[in-house]
Amino acid sequence: MLLRHRPGTTYVVRIPHPSLFEPSLCMLGGRWTSSVSSNLPALVPTLAPFETVTVRNIGIKYLSHSSSRFEEADSRPGSTQESAYNMMLRRGGKRIRMDDPPPEYENPMTPADNETSQGDQQDGIFSEDIFPEYDDQTGETSQPHTMDPTFNLTLFNSSKSSDLSDSSSVAPVTRRRGAGRGAVREDAPATRGRKGQQQPPPLSPTEEPTTARGRGRRGGAKKAVELSNEDEESSLYTVLLSGKHSLQTMVDDWIDAYKSNRDATLLRLMQFFISASGCKGKITPDMQTSMEHATIIRKMTEEFDEDSGEYPLVLSGQQWKKFRQNFCEFVQTLVKQCQYSIIYDQYLMDNIISLLTGLSDSQVRAFRHTATLAAMKLMTALVDVALTVSINLDNTQRQYDSERQKASGKRATDRLEALMGKRQELEENMDEIKNMLTYMFKSVFVHRYRDTLPEIRAICMAEIGVWMKKFHQNFLDDSYLKYIGWTLHDKVGEVRLKCLQALQPLYATEELKGKLELFTSKFKDRIVAMTLDKEYDVAVQAVKLVISIHKYHREILTDKDCELVYELVYSSHRAVAQAAGEFLNERLFVVDEGLVENLRTARGKQRLPNTPLIRDLVQFFIESELHEHGAYLVDSLIESNQMMKDWECMTDLLLEDPGPAEEPLDDKQETSLIEIMVCAVRQCATGEPPIGRGPTRKILSAKELKQVSDDKYRLTEHFIPTLPALLTKYKADPDKVANLLALPQYFDLEVYTTSRQEKSLELLLELIKEITEQHTDVDVLDVAAKTLEIICCDDARKSSRTEVALINVLESIWTRVSSAIEEYESSCLEGNEPDEDDIYNLTMSLRKISVFHGSHSFDKWDVWDKLFRIIRETCDLQRSYPEDAVKYAISACYFALLWDLKNIQEKGEHGVSGTDDVPKLHRKLNDYMLAMKHLVSNKCHTPVFKEEGYTSICDALIVFCQQLANQKWMETLVYEPDEELQELLNVFMHAMVFCEDRDEDLDEHARIEMLHKMRSYLAQFCKLVVYNVIPTKAAADVFKFYVKHYNDYGDIIKATLGKAREINKVNCALTMVMSLTRLFNDLPKVCNWMVDRQSDDFVALKDLAKRFALSFGLDAVKNRDAITALHREGILFSVNPLENPNDPTGPPPNLAFLEILSEFTNKLLKQDKRVVLQYLDHRVGSATPSSQGKDWQPLYAYRNSLMHGESDHPPQTAKRAYTRKRQAVDEEDHEEDFQGAEID
């Protein structure tokens, strides 16, 4: 039974006899040590500082003079003791050291065995050792008996503590309950576990408790577990699994049966926990009567089938998910329905707790996991009961006090006595529930919170948080909080997550903050550091917990702590960034209308409440020095702070002159504010997060679509009259105007018509034309071209007004280009060098047309002839043009080809013949590709020409690929790259991408830009492979750099490898072999022919082969043809030439390649290994030596890997040491033998 403390009462507690300890282990000063006695370990401490120690033949109990609370001593086999003073009360003992995590979080997790020590008993956890030393000689011995996994406690009552020294004079107390308590049993000995049952015969000294796993017992012992006669269909486990009955009905039926026959009903409940663990064993009534729980658990362990490692709590599927939920609810409902009587009968709870405690300490994972979950849910249910009892106790006390305050004449004596009796009964109930909770906490939680299984640790952390929230009077104490603090260092993210989730409701309750001060001071740094956790879910919860700490413990967070969270608004993970945004809102962006009460603009307009916040936001953005990530900052705040959509406040700060009490925005602040405003407009109008955050294709819900539509309408209404004023003010600043010009792309353009704002549209188009003529910045031109495309080229919104405006802009651009070309050429014809103005005008005008040609067609003007003449004359070295001018001409001509192709496709779709246009475009395409190949291949041209030519070729090959042949009138436009062009692209790509000679003097920014450019070149080449424009084998020279340049290009090469496998698995495998053989041929040779297999290059080649092998995955059947083809090509390379020209007695020069090939052997099916082995022996023939020299080791290693443990014999050798007998063999016959071999 669970002990109940009553004032003035002395207790004696029985604990099991230690005869089963193996070897005899004892606790001395808090550490395990061997004992010379095999019968009685040293379990008795010295008397000081305890007031009374009573020793029975098999048990001891300690009572403290400093506190009325007590603890049990855990003497289970192989377990450390859990002393009452391991967790000393702060009012009576040392303060608990909570700053150091237990050692298991710095070292590997302690295995979950019977010798796992408690976290709070490790060195350095407490200020000093609080375990007293034990006396080996104290105590009496008795006959050994079988050990129960829990404490065998017997309660004795005595009015004088001195009487306890004589154990023979102590008699057990008979416990009776009144009718109100609903007692089921009377005159029962108050023991936990087995009550009134005869102990089974003892084990022999040499017999150890069985802990073996498996189906049967060792040595052919007689099967001990018998099948029960219980109907499987009516068992609690089966009924709960089916889900066809309500839990309330199940529990009510079980209670009714318990009142009739509690032994049989308890057996059903015990069997339920065994079956819920996945065990097939059955507990018989005889076993229930004659065996201790520890023995029953051993028998169940022998019957357990752990071959699969699966059990109900870990099985996937909707049924098992529902079962896990019902399992927890069943335990809690059972306790809830029994809370008024049955749980106090000293039989049900004692047996359940005893069984679950023993199961939770099992080495069988399924038992341990299931029992821990049940025990934790049981404790949660008991906490609910304790709260109910506490409420009733308060009500009773209030009624009692009210009755006593009445006058003596009006006071009802009977009612006072009834209330006093009820109060006493409720106090006893509360004490008993607290004893149950304390016992289960020490017997289960303290052992399992550091279990090797992370699921068990997560359960413990989740439930202790519930206890602290619901029953904070008992559990919200540093002695319990320390377990959460230590587990914050857990290596598994799910466990750390449960810790944070357990703490959040505690910090969110203001009245509990006083109890969290010590914990917060000790573990605040760890919580703040967890905001950078590699598990994003953990980081999100850590940030939310920091927000709660900031609310109620603001003074604890330092500026450095806050800055660490500030930076997370730029995190690539959206949830982390938004959580950090909420922290910013709590700390920095708090609306205070009093600050703007007297703030007015120069013309007297009242400033809006968000004005100071937007100023702070701009300053925060500037100080963060991440000016290219304004979209990330906006995304972090836009859903949690309304100031991000306060367009009027933002535009007032930009357009209105500051008042006398304000400071004007400087240039940097204006630029930052415009960038933030445009990013916010973009996200409001599209509803999409910035690139790099969230899913690439997010499908908006109906509610989100409605919100986006409303936001888009509101921002359009505001910016239609405001945007022209902003463009007029900032049109000379390229950075500001590039952002502002993007705003119309997110407008609801129909508002121009519905609100009669055509004049604003005309003014906007005029400003765009003016800005285009004035600016030459690429960003400004690109945004202007796209904005004009959206406004003027939409068929649904196209009007004569927008068409005229667009033609005016394009005509202005072409006029400038034509004029600049004529002026430049005329200067060259006159024999004069073109001046800087001519060069500038030509370059800038060509830049504009190259940018605008990507969005708009210049078919109305003769663009191709003039621009392509610049390219042709540059290729022929007839005339020298500016380098950038030629680059822009190449880009503009490429877009001209695309516009011609688009016109032909549109004519074909409308049934209009394009017979004249197709040959014309075909001629242009051939001329263009010939010029580009000349620019790339000719060494006389600059790197800029080569780079632009390479990019244009790759892009043109994608557009004019085989897919155009689907339309017959366009078949002639297909451009297929020949081997010469493939080799040209390959050479350029290697020279630019995989060049080892890089400029190390570049700064970090320049190095990043260079890497981005090289990645772009590699991606363009790989794109040709992915779209099957060039054969897969062309990628062999790319794949061979997979490992060497993995950090820079690994993602691109891996994606290409995967796409190539999707196109053709066999070709991809052969390409891998080609890559490996080329690297093998480049290896340094020893004696001009032999490869050093110990060299770093050879090891790197093996690493590459291993990476290739891993890319095939686990489906050997799906990759069967590819893997066998790979081995065939590898064998052919290894034995060709078969005869060594440098050493007639040596192995083939490439034989070492078989060691590389061995990395792919595990991908072969067993039957295919035999076929490959036959093919290897057939190719090697009689060339195998009689002695196994080290040069021949690759052959033997490869053969052994193919044999796969089967009995096989090496090929027969000649009589002399080495025989070279050549046979004329037809190559095709060998291939047929390999491919036509029987495959099972």
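The values are calculated or read from the model by the stated rules, or taken from the named source; none is laboratory data. None of these values were measured; they are calculated from a predicted model. Methodologically, a virtual Cβ is constructed for each residue, glycine included, from the backbone with ideal geometry; neighbour enumeration extends over all protein chains shown. Just the protein is used for accessible areas: all its heavy atoms, side chains included, with ligands, DNA and RNA removed. Shrake-Rupley method; radii C 1.70, N 1.55, O 1.52, S 1.80 Å.
Key figures
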{"read-out": "Residues satisfying the stated conditions in the range 360-390, i.e. assigned to a helix (DSSP H, G or I) and within 11 Å of Arg448 (Cβ to Cβ)", "value": "Ser360, Arg368, His369, Ala371, Thr372, Leu373, Ala375, Met376"}
{"read-out": "Close pairs (9 angstrom Cβ cut-off, 6 or more residues apart or separate chains): within 20 Å of Tyr881 (Cβ to Cβ) in the range 805-828, of a type in the set (Val, Ile, Thr) and open to solvent by 30 Å² or more (accessible area, probe 1.4 Å) anywhere", "value": "Tyr824/Ile839"}
{"read-out": "For Val543: the one exception among (1) more than 22 Å from Lys482 (Cα to Cα); (2) crowded, with 21+ Cβ neighbours inside 10 Å", "value": "(1)"}
{"read-out": "Test: Thr452 is open to solvent by 10 Å² or more (accessible area, probe 1.4 Å), part of a loop (DSSP other than H, G, I, E, B) and touching a residue at least 60 places away in the same chain (Cβ under 8 Å)", "value": "yes"}
{"read-out": "Number of positions in the range 1082-1103 that are modelled with pLDDT of 90 or more and either in a strand (DSSP E or B) or crowded, with 20+ Cβ neighbours inside 10 Å (or both)", "value": "1"}
{"read-out": "Matching residues, the range 1071-1081, being within 35 Å of the chain's Cα centre (by Cα) and either among the polar types (S, T, N, Q) or open to solvent by 60 Å² or more (accessible area, probe 1.4 Å) (or both)", "value": "Thr1071, Ser1075"}
{"read-out": "Residue in the range 1175-1195 that is modelled with pLDDT of 85 or more, assigned to a loop (DSSP other than H, G, I, E, B) and surrounded by 14 or more Cβ atoms within 10 Å (Cβ to Cβ) present", "value": "no"}
{"read-out": "Tally of residues being without any contact (Cβ under 8 Å) to a residue 40 or more places away in the chain, assigned to a loop (DSSP other than H, G, I, E, B) and within 17 Å of Glu563 (Cα to Cα) across the range 589-624", "value": "0"}
{"read-out": "From the options Glu403, Glu329, residue that is surrounded by fewer than 19 Cβ atoms within 10 Å (Cβ to Cβ), under 27 Å from Lys259 (Cα atoms) and in contact with a helix residue (DSSP H, G or I) (Cβ under 7 Å, 6 or more places away or on another chain)", "value": "Glu329"}
{"read-out": "Selected residue [surrounded by fewer than 18 Cβ atoms within 10 Å (Cβ to Cβ), modelled with pLDDT under 85 and touching a Lys or Arg at 6+ places or on another chain (Cβ under 7 Å)] from Glu226, Glu208", "value": "Glu226"}
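Table: residues versus (1) over 37 Å from the mean Cα position of the chain (by Cα); (2) of a type in the set (Val, Ile, Thr).
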| site | (1), (2) |
| --- | --- |
| Leu355 | no, no |
| Lys377 | no, no |
| Ala381 | no, no |
| Val389 | yes, yes |
| Ser408 | yes, no |
| Thr413 | yes, yes |
| Ile433 | yes, yes |
